[in-house]
Amino acid sequence: PPGSFKLSYYNEYKSYLRMLPCLNKFGKSFVSPTLVKFLSMYKIVEKGTPNTLDYRLFYTKDGVPISAFHDIPLYSGTSNKIVNMVVEIPRWTNAKMEISKEDPLNPIKQDIKKGKLRYVNNVFPYHGYMWNYGALPQTWEDPNHVDHCTNAKGDNDPIDAIEIGAKIATRGEIKQVKVLGVLAMIDEGETDWKLVTIDVNDPLAEKVNDISDIKREMPGILEATRDWFRIYKVPTGKPMNEFGFNGEWQSSEYAHGIIKETHNYWNNLMNNKEAAPGISTANTSLDKTQGYISATEAEKIVSQHPDPSPDVPDVDVSVHNQAFVQRTVAENVCQKTA
């Protein structure tokens with residue numbers, strides 16, 4: 001409704017720009033009509049001001065506020081091989097943005113540490129995140145479940161995903177991605193799966209379907225990714241992260257099994273108030289779940305947040321400083337192959 005909240009259309013525009021390479025000289029698109037319709041349904045509602053504690057990105061579908069965690073479907077269309085990925089952090093950026101589990105309608109917001117906005121360190125030779133980073137909606141790593149492979153409980157978050165395509169995404173973009181594999185990270189005693197994916201519209205998408213294809217087409221990226229995940233918290237005083245399977249990337253098939261498992265945990269979350277009391281399950285599309293709310297209630301939630309201010313504060317220059325970590329494990333990022 002006019003005046004109830006301000007819509008930001010930049011994400012829809014960016015999604016359109018991503019499709020331009022798919023247009024041939026006759027102006028016909030090779031993009032699936034279903035995908036075009038999907039992208040046009042979702043819009044971002046920007047609330048608060050960037051680089052402040054009150055900044056939020058909400059979503060609407062057909063004008064109705066929705067949850068980024070619960071209302072965006074896990075799978076894209078009828079295929080159970082292509083999944084939707086909510087981009088929280090575009091490549092080369094530092095702001096630790098994430099889907100808020102606790103806030104009603106689960107907007108994307110910046111993580112806070114000791115009352116201040118959190119930024120990841122530029123651990124040499126990396127700058128911020130080296131890929132587009134985000135999460136899969138309608139998944140949940142259950143903290144009540146101990147994984148038999150990692151011997152660690154879930155981290156209580158949607159499952160994380162990195163997207164290794166050529167284009168830098170926009171914050172809040174909903175990408176349709178192929179799942180290529182998964183890394184079993186253990187972060188402070190919790191299982192924290194890291195999916196590796198690629199945008200279905202990326203030029204390499206047809207050539208990569210599994211871990212072996214990434215090694216052939218993008219040598220070094222898997223090793224650098226594991227190195228980054230191992231050390232990125234060290235500058236903050238945290239220990240290096242560990243990995244299940246001796247740090248070996250698992251296959252696309254294995255990754256899809258993890259996705260299915262975490263989707264089942266999410267289903268339990270949505271139908272069991274006691275599964276995780278601190279998580280908001282408010283949603284506007286799943287009318288059989290205990291968190292279902294009306295469009296009017298959802299609009300009230302969004303309208304309670306302030307509109308963006310034209311005066312955006314600068315990020316402290318220290319965010320761009322480098323940090324150096326002494327590795328205890330060698331990664332053959334530039335290993336010569338035959």
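The values are calculated or read from the model by the stated rules, or taken from the named source; none is laboratory data. Please read these numbers as outputs of a predicted model, since none were measured by experiment. Positions of Cβ are backbone-derived with ideal geometry, glycine not excepted, and every protein chain shown enters the neighbour counts. To get the accessible areas, we keep the full protein, side chains included, count just its heavy atoms, and leave off ligands, DNA and RNA. Shrake-Rupley method; radii C 1.70, N 1.55, O 1.52, S 1.80 Å.
Brief remarks on what is shown
- Wholly enclosed strands (runs of 3 or more DSSP E) of the range 45-115 bearing at least 2 residues charged (D, E, K, R): 56-61
- Top-ranked residue of the range 312-327 - restricted to ones that are closer than 14 Å to Met240 by Cα and open to solvent by 100 Å² or more (accessible area, probe 1.4 Å), ranked as modelled with the highest pLDDT: Phe324
- Selection from the range 148-157 of residues that are open to solvent by less than 10 Å² (accessible area, probe 1.4 Å) and in a loop (DSSP other than H, G, I, E, B): Ala152
- In the range 103-143, the residue that is surrounded by the fewest Cβ atoms within 10 Å (Cβ to Cβ) out of those that are of a type in the set (Phe, Trp, Tyr) and farther than 20 Å from Thr281 by Cα is Phe124.
- Meets criteria (at positive phi and open to solvent by less than 30 Å² (accessible area, probe 1.4 Å)) for Gly244: no
- Between Ala205, Ala255, the distinction of being in contact with a Leu (Cβ under 6 Å, 6 or more places away or on another chain), under 24 Å from Pro90 (Cβ atoms), at pLDDT 95 or above and among the aliphatic types (A, V, I, L, M) belongs to Ala255 only.
- Pick from the range 197-240, criterion basic (Lys, Arg) and closer than 24 Å to Val83 by Cα, ranking: least open to solvent (accessible area, probe 1.4 Å): Arg226
- Within the range 150-173, residues that are more than 21 Å from Asp187 (Cβ to Cβ) sit with their Cβ atoms under 9 Å from residues that are open to solvent by less than 10 Å² (accessible area, probe 1.4 Å) and basic (Lys, Arg), at 6+ positions apart or across chains, in these pairs: Gly165/Lys175; Ala169/Lys175.
- Qualifying residue in the range 176-190 (condition: at pLDDT 95 or above and either hydroxyl-bearing (Ser, Thr, Tyr) or in a helix (DSSP H, G or I) (or both)): no
- Search result, residues across the range 42-80 that are among the hydrophobic types (A, V, I, L, M, F, W, C), within 21 Å of Thr93 (Cβ to Cβ) and open to solvent by 30 Å² or more (accessible area, probe 1.4 Å): Leu53
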